[in-house]
Amino acid sequence: MALDLCGQLCKVILIIFNIVFALLGAAMLGLGLWLRFGAFTQGLFDVNFNTQQFVIGVMVLIVLGAVILVVALFGDYGACNESRGALTVFAVFLSIVCGLVIGAGVIAFIRSDWVGLQMTMFYTTVYAKYLNTGGDPSMTVTLTLMQNWIQCCGLVGALDILVKKTCPEHSFTEFFTMPACPPAIVDLFKDKAPLVLGLFLGTAALLLLALGCSSQLCKEIKRTRTPAPSAPSYMMILSTSTNLPSTPHPYEDPVVFPPPTLAMTSTDV
């Protein structure tokens, strides 16, 4: 029995979701490993409190990227092969990730000042390392991603010619209005804390949607693989013999026959 329309829809949603999820996890894991083992960044992982935020940020990228990639692989395998076991593992891991996303959003909302300060120090470390290494590719990618996401440029705005190549594209009027990144990061987590919380909760809602599709698909797979109950078969035995002894009534007393007697011959006297 094939999946019904709801099951097919959930299957397609899960496949598309996990493909995007896998690409995101692979990108985060790749960037984190690049920053961790790059020739110009290995020294930052020594015991140095000035680069503590950078080290923590990179390790979060590596761990989170690996977890997302594993979860997506289980989800894609379970959806494509209709495997209830893989979908169950996917649902468990996705529930954990969803809880972590909600927790991170709540922390970012409650302790917005502290989170903004940590992100500012992370950005400052990347900025300084970019200048010291003469534009290391890993630092260039990280700086470009952060500045395009926050829509800021360097330490003094669009006038910062040292990191001009990594800044977002801007018009002539935006050249004078684009903010510097450190205050923009603080404002993002302080003044726009509800927006940041909404971003985290929106991500959690997408994860819950995938979790619901996984549960529904598991039910459909179970339904299609459960055999339908068969009707009991009956057999009628017809007897063509009329000389068969009739079966006594169950409540009638049994008939006891005496043992046969032996005939005595004359030789026995």
* Test set (1) modelled with pLDDT of 85 or more; (2) outside any helix (DSSP H, G or I); (3) farther than 18 Å from residue 116 by Cα - residue 208 fails condition number -> (2)
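Which residue is modelled with the lowest pLDDT, if the candidates are limited to the stretch 21-77 and must be of a type in the set (Ser, Thr, Tyr) and part of a helix (DSSP H, G or I)? Steps first, please.
The first filter runs over the stretch 21-77 and keeps only residues of a type in the set (Ser, Thr, Tyr), leaving 41, 51, 77.
Of the ones still in play, those that are also part of a helix (DSSP H, G or I) are 51, 77.
Working: 51: 62, 77: 89.
This residue is 51.
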* Condition met for residue 188 (under 30 Å from residue 99 (Cβ atoms) and not hydroxyl-bearing (Ser, Thr, Tyr)) -> yes
* Do we find that residue 206 is among the aliphatic types (A, V, I, L, M) and in contact with a Gly (Cβ under 9 Å, 6 or more places away or on another chain) in this structure? -> no
* Could you tell me whether the stretch 74-96 includes any residue that is in contact with a Lys or Arg (Cβ under 9 Å, 6 or more places away or on another chain) and without any contact (Cβ under 8 Å) to a residue 40 or more places away in the chain? => no
* Asked: Which fully enclosed helices (runs of 4 or more DSSP H) of the stretch 98-188 have 3 or more residues being in contact (Cβ under 8 Å) with a residue 40 or more places away in the chain and of a type outside the set (Phe, Trp, Tyr)?
  -> 112-132, 137-150
* To do: May I ask you to list the residues in the stretch 164-190 that are surrounded by 14 or more Cβ atoms within 10 Å (Cβ to Cβ) and either of a type in the set (Phe, Trp, Tyr) or within 24 Å of residue 108 (Cα to Cα) (or both)?
  => 179, 180, 181, 182, 183, 184, 185, 186, 187, 188, 189, 190
* On the given criteria, is residue 207 buried (at least 17 other Cβ atoms within 10 Å of the Cβ), within 30 Å of residue 89 (Cβ to Cβ) and either among the aliphatic types (A, V, I, L, M) or without any contact (Cβ under 8 Å) to a residue 60 or more places away in the chain (or both)? -> yes
* To do: Write out, first by first residue and then by second, each pair whose Cβ atoms fall under 7 Å of each other, whose residues are 6+ apart or on separate chains, and whose first residue, in the stretch 44-62, is surrounded by 14 or more Cβ atoms within 10 Å (Cβ to Cβ) while the second is of a type outside the set (Gly, Ala, Ser) and at pLDDT below 50.
  => 51/44; 54/44; 55/44; 55/45
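The values are calculated or read from the model by the stated rules, or taken from the named source; none is laboratory data. What you see is a predicted model, and the numbers here were worked out from it, not measured in a lab. Cβ: placed from backbone, ideal geometry, glycine included. Neighbour counts: every protein chain shown.
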